[in-house]
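Novice: One structure follows; several queries about it will come next.
The values are calculated or read from the model by the stated rules, or taken from the named source; none is laboratory data. This one's a predicted model, so the numbers in the text were calculated from it and none came from an experiment. Don't worry about glycine lacking a Cβ; one is built from the backbone with ideal geometry, like all the others, and counts go over all protein chains shown.
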Amino acid sequence: MRRTSVSVLVVLLAAGCSPPASEDPPEEPAAVALPPVLAQNAFLYYRDLAEAEAFYGEVLGLPLAADFGFAKMFHVAESAYLTLVDEAEGMHSADEPKTVAFALITEHLAAWQGRLDAAGANFRSRFDPEAADPEAAHHGFTVFDPGDYILEFERFLPHPENTDLMPILETTTPLGGDDAAAGPGMGFEAMIVWLYYPDIPGMLDFWQSTFGFPQTVDQGWVKILRTSYAGFVGLVDSARGMHSFTEDKAVTVSFFVDAVEPWHAHLESAEGYRPRTGIVTESDRVQVFVGYDPGNYTLEFDAFFEAPGNETLLEQLASVRRAG
């Protein structure tokens, strides 16, 4: 704060240097609009890709959206995918910690538990309809896939915690409808990718300020953000979740967009983001760039070309609804 003795000088300088009152102040540079996230994806890494492909394609009945040979992309929900990768050609090894989990949202917990039982799935926890608390915010059970990734079959219930989530789930429909391969209505309504961090407030700030994803559910030690119409990321306190924090993790979280250039320019200057690659073209089918979030999760942005092998995926992406 300036002293009173120089206040008159300050006023005179302001009067001599400021533009006339009638002139408009200079405009701020317009913010660059970022292309919306069309869909959420995660890359998982396996020693035996054929075994994993059979589990997701035959047991879960997920439709194949794209086949890259060394990678098989499965359609989980309207705007959510899982891509299974041969570790010999992927960015991660199957030996790295599986510090991630996936919630597959469904109303048919008992039917899914029976189907997975019949398939000989490796259960981590089970669902008991008779013992389930009707006042709970959600019910579910967990299984390990062939690569020991945890899948959580989950149903969210009307509950104060889910006030913002339930209207969204009411507008999503199980993938495949009555023609779903696993049975009528047994497709998935949405998918949540659970990520594990020791600093939830810091990571919530990063994900919201960097990507603009809105918070949909606040469980205190878990924050769920909506990334696409039926895709979500869950930030989990690693002191309380299914996984502890690990520096390495056998997963890449990716987002499908129409153009990667604006996102690349935006993230290059984002606090907490660390680049791994510039923009590159892979298999003549997709343009990508890769980096890391502050918790060392690998992040990838993908834009797919009109190229042989991309027809089904591009048709699906063209029809997805925009979140918000």
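Novice: I'm told V10 meets every condition in (1) β-branched (V, I, T); (2) under 21 Å from L313 (Cα atoms); (3) modelled with pLDDT under 95 except one. Can you identify the failing condition by its number?
Specialist: (2)
Novice: Still on this structure, please answer the following. Looking at the stretch 283-318 only, could you name the residues that are of a type in the set (G, A, S), modelled with pLDDT of 95 or more and over 22 Å from K98 (Cα atoms)? Steps first, please.
Specialist: Kept after step one, since they are of a type in the set (G, A, S), are these residues of the stretch 283-318: 283, 291, 295, 303, 307, 309, 318.
Filter once more, keeping what is modelled with pLDDT of 95 or more: 291, 295, 303, 307, 309, 318.
Result: A303, A307, G309, A318.
Novice: Scan (1) assigned to a loop (DSSP other than H, G, I, E, B); (2) crowded, with 17+ Cβ neighbours inside 10 Å for the single condition L267 breaks and write down its number.
Specialist: (1)
Novice: Any residue at all in the stretch 207-227 that's under 24 Å from P134 (Cβ atoms), free of Cβ contacts under 8 Å to residues at least 40 places away in the same chain and hydrophobic (A, V, I, L, M, F, W, C)? First the steps, then the outcome.
Specialist: Filtering the stretch 207-227 down to residues under 24 Å from P134 (Cβ atoms) leaves 216-222, 224.
Adding the requirement that they be free of Cβ contacts under 8 Å to residues at least 40 places away in the same chain leaves 220-222.
With hydrophobic (A, V, I, L, M, F, W, C) added as a condition, the list becomes 221-222.
Yes, the stretch 207-227 has at least one match.
Novice: Could you list, ordered by first residue, the pairs with Cβ atoms under 8 Å in which the first is in the stretch 39-57 and free of Cβ contacts under 8 Å to residues at least 40 places away in the same chain and the second is of a type in the set (F, W, Y) and surrounded by 21 or more Cβ atoms within 10 Å (Cβ to Cβ), at least 6 apart or interchain?
Specialist: G57/F74
Novice: Name the pairs whose Cβ atoms lie under 6 Å apart, with the first residue in the stretch 309-324 and of a type in the set (S, T, N, Q), the second modelled with pLDDT of 95 or more and assigned to a loop (DSSP other than H, G, I, E, B), and 6 or more positions between them or separate chains?
Specialist: Short answer, once both residue conditions are applied: N310/R285.
Novice: What residue, of D205, D258, D178, is under 17 Å from A77 (Cβ atoms) and either surrounded by fewer than 15 Cβ atoms within 10 Å (Cβ to Cβ) or touching a Lys or Arg at 6+ places or on another chain (Cβ under 8 Å) (or both)? Walk me through it before giving the result.
Specialist: Numbers: D205 fails: under 17 Å from A77 (Cβ atoms); D258 fails: under 17 Å from A77 (Cβ atoms).
Going through D205, D258, D178 in turn, the sole match is D178.
Novice: Do you know which of the residues in the stretch 23-78 that are among the β-branched types (V, I, T) and modelled with pLDDT of 95 or more is nearest to V320 (Cα to Cα)? Give the steps one after another, and end with the answer.
Specialist: Initially, the stretch 23-78 is screened for residues among the β-branched types (V, I, T), giving 32, 37, 59, 76.
Narrowing further to those that are modelled with pLDDT of 95 or more: 37, 59, 76.
Numbers: V37: 10, V59: 25, V76: 13 Å.
The extreme case among them is V37.
Novice: Within the group G278, G202, G234, G272, which residue is closer than 24 Å to G147 by Cβ, at pLDDT 95 or above and not hydroxyl-bearing (S, T, Y)? Break it down into steps so the answer makes sense when it comes.
Specialist: Numbers: G278 fails: closer than 24 Å to G147 by Cβ; G202 fails: closer than 24 Å to G147 by Cβ; G272 fails: closer than 24 Å to G147 by Cβ.
Residue meeting the stated conditions: G234.
Novice: Test of understanding: among G295, G278, G291, which residue is more than 23 Å from N310 (Cα to Cα) and not in a strand (DSSP E or B)?
Specialist: Numbers: G278 fails: more than 23 Å from N310 (Cα to Cα); G291 fails: not in a strand (DSSP E or B).
Unique residue meeting the criteria: G295.
Novice: Still on this structure, I have one more. For the list (1) touching an Asp or Glu at 6+ places or on another chain (Cβ under 8 Å); (2) part of a loop (DSSP other than H, G, I, E, B); (3) crowded, with 24+ Cβ neighbours inside 10 Å, I need the number of the one condition that L62 fails.
Specialist: Result: L62 passes all but (1).
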